[in-house]
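Worksheet: one structure, shown below.
The values are calculated or read from the model by the stated rules, or taken from the named source; none is laboratory data. Keep in mind that what you see is a predicted model, and the values were worked out from it rather than measured. Glycine also receives a Cβ, built like all others from the backbone with ideal geometry; neighbour counts cover every protein chain displayed.
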Amino acid sequence: MARNWEEFLVEKVLLLAAISSIIIILLIIGFVIQQGLPAMEQVGPLNFIFGMDWSPSYDIYGVFPMIVGSLGMMALALIFAVPLSIFGAIFLAEVAPKTMRRILKPTIQTLAGIPSVIYGFFGLIVLVPFMRIHFGGSGFSMLTASIILTVMVLPTILSISEDALRSIPLEYKEASLALGATHWQTIKNVIFPAALPGIVTGIILGMGRAIGETMAVIMVAGNTPIIPGSILEPARALTSNIALEMGYALGLHYNALFATGIVLLMMIIVLLVVTNYINYKRKVTVGGGYL
């Protein structure tokens with residue numbers, strides 16, 4: 001009887017914690033929307049989202065250059081980080097000796113815990129001068145910020161991908177090897193496809209961190225509110241726009257920064273929905289059912 005009461009109590013506490021988390025998230029989203037709507041209404045949603053100029057002094061607010069900057073930095077970071085993370089995860093899960101794995105795994109996890117300002121400071125002192133000397137310009141650019149973001153999201157994607165690969169039942173591997181497949185063929189045709197949903201989850205989390213990062217991006221991206229002509233030119237992200245100007249914003253400018261947050265939320269939601277839909281369609285397609 002006591003055990004039943006304990007299980008009931010634990011169940012209700014966990015339910016309450018889950019509901020509380022959802023309520024807190026909804027309250028935050030509601031507050032951001034409530035503060036940002038006045039700017040959206042006055043400027044116009046389309047003018048705000050697709051406007052090319054951001055000039056608070058003249059009450060001109062257009063965030064399209066920042067949308068391009070955020071998506072560009074995120075895309076470049078994922079292009080660099082995803083292959084490195086997947087190959088690194090395969091190495092740790094299937095190739096690396098146990099001794100090496102015991103050394104590399106904690107090292108990679110430590111990278112995920114380093115504050116973003118440290119990454120930004122490293123980029124400012126080391127990477128920016130390197131880019132300036134070898135590629136020209138000021139060194140502050142979308143590419144510089146993307147390289148920093150790559151290092152920041154790589155531990156997340158790699159760790160989750162490795163866990164996904166190691167969670168595949170050993171019977172899958174044994175059956176493939178018994179049929180005459182090589183180790184690499186087993187990884188490529190059996191283990192990796194089975195672990196792909198977990199790998200996609202890691203990529204989604206990495207994508208969220210890349211598009212939501214602020215401090216490191218502020219320090220190395222250049223923060224120019226115009227559409228960059230190339231990846232070697234400065235750019236400004238939506239998060240950087242909020243952080244740089246919130247300290248002195250008043251009136252419509254203040255509301256416009258919250259409206260920037262609304263646009264950022266919309267972008268993240270759309271990206272998550274699209275990514276999860278692609279992952280869902282793939283799972284349904286393979287074998288006519290879920291993996």
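Of all residues being of a type in the set (A, V, I, L, M) and under 16 Å from residue 82 (Cβ atoms) in region 187-202, which is nearest to the chain's Cα centre (by Cα)? Just the residue, please. Across region 187-202, the extreme among qualifying residues is 200. Select, from 161, 141, the only residue that is of a type in the set (S, T, N, Q) and more than 18 Å from residue 94 (Cα to Cα). Checking each option against the conditions leaves just 141.
The residue pairs whose first member lies in region 161-189 and is of a type outside the set (Lys, Arg), whose second member is outside any helix (DSSP H, G or I) and at pLDDT below 90, and whose beta carbons are closer than 9 Å, counting only pairs six or more residues apart or on different chains, are 189/181. Could you check region 1-16 and list, in sequence order, the residues that are surrounded by 10 or more Cβ atoms within 10 Å (Cβ to Cβ) and of a type in the set (A, V, I, L, M)? Within region 1-16, 9, 10, 13, 14, 15, 16 qualify.
Would you mind stating whether residue 18 is in contact with a helix residue (DSSP H, G or I) (Cβ under 7 Å, 6 or more places away or on another chain) and assigned to a helix (DSSP H, G or I)? Criteria not met by residue 18.
Any residue at all in region 225-238 that is in contact (Cβ under 8 Å) with a residue 24 or more places away in the chain, crowded, with 18+ Cβ neighbours inside 10 Å and in a helix (DSSP H, G or I)? Within region 225-238 (the criterion being in contact (Cβ under 8 Å) with a residue 24 or more places away in the chain, crowded, with 18+ Cβ neighbours inside 10 Å and in a helix (DSSP H, G or I)), the answer is yes, since at least one residue qualifies. With respect to being part of a helix (DSSP H, G or I) and touching a Phe, Trp or Tyr at 6+ places or on another chain (Cβ under 7 Å), residue 32 fits the description.
Residues satisfying the criterion are absent from region 244-252 (criterion: surrounded by 18 or more Cβ atoms within 10 Å (Cβ to Cβ), modelled with pLDDT of 90 or more and not hydroxyl-bearing (Ser, Thr, Tyr)).
Any residue at all in region 110-121 that is small (Gly, Ala, Ser), without any contact (Cβ under 8 Å) to a residue 40 or more places away in the chain and buried (at least 16 other Cβ atoms within 10 Å of the Cβ)? Within region 110-121 (the criterion being small (Gly, Ala, Ser), without any contact (Cβ under 8 Å) to a residue 40 or more places away in the chain and buried (at least 16 other Cβ atoms within 10 Å of the Cβ)), the answer is no, since none of the residues qualifies.
Of all residues in region 122-142, which are touching a Leu at 6+ places or on another chain (Cβ under 6 Å) and crowded, with 22+ Cβ neighbours inside 10 Å?
141
Scanning region 257-279 for residues that are surrounded by 13 or more Cβ atoms within 10 Å (Cβ to Cβ) and either modelled with pLDDT under 80 or in contact with an Asp or Glu (Cβ under 8 Å, 6 or more places away or on another chain) (or both) gives 257, 275, 276, 279.
Of all residues assigned to region 177-186, none qualifies as being within 21 Å of the chain's Cα centre (by Cα), part of a helix (DSSP H, G or I) and not aromatic (Phe, Trp, Tyr). In region 45-87, what residues are over 30 Å from residue 155 (Cβ atoms), surrounded by fewer than 15 Cβ atoms within 10 Å (Cβ to Cβ) and not polar (S, T, N, Q)? Within region 45-87, 45, 46, 50, 52, 53, 58, 59, 60 qualify.
Counting only residues that are part of a helix (DSSP H, G or I), over 15 Å from residue 151 (Cα atoms), modelled with pLDDT under 90 and of a type outside the set (A, V, I, L, M), region 96-134 holds 6 of them.
Scanning region 35-69 for residues that are assigned to a loop (DSSP other than H, G, I, E, B) and of a type in the set (Gly, Ala, Ser) yields 44, 51, 62.
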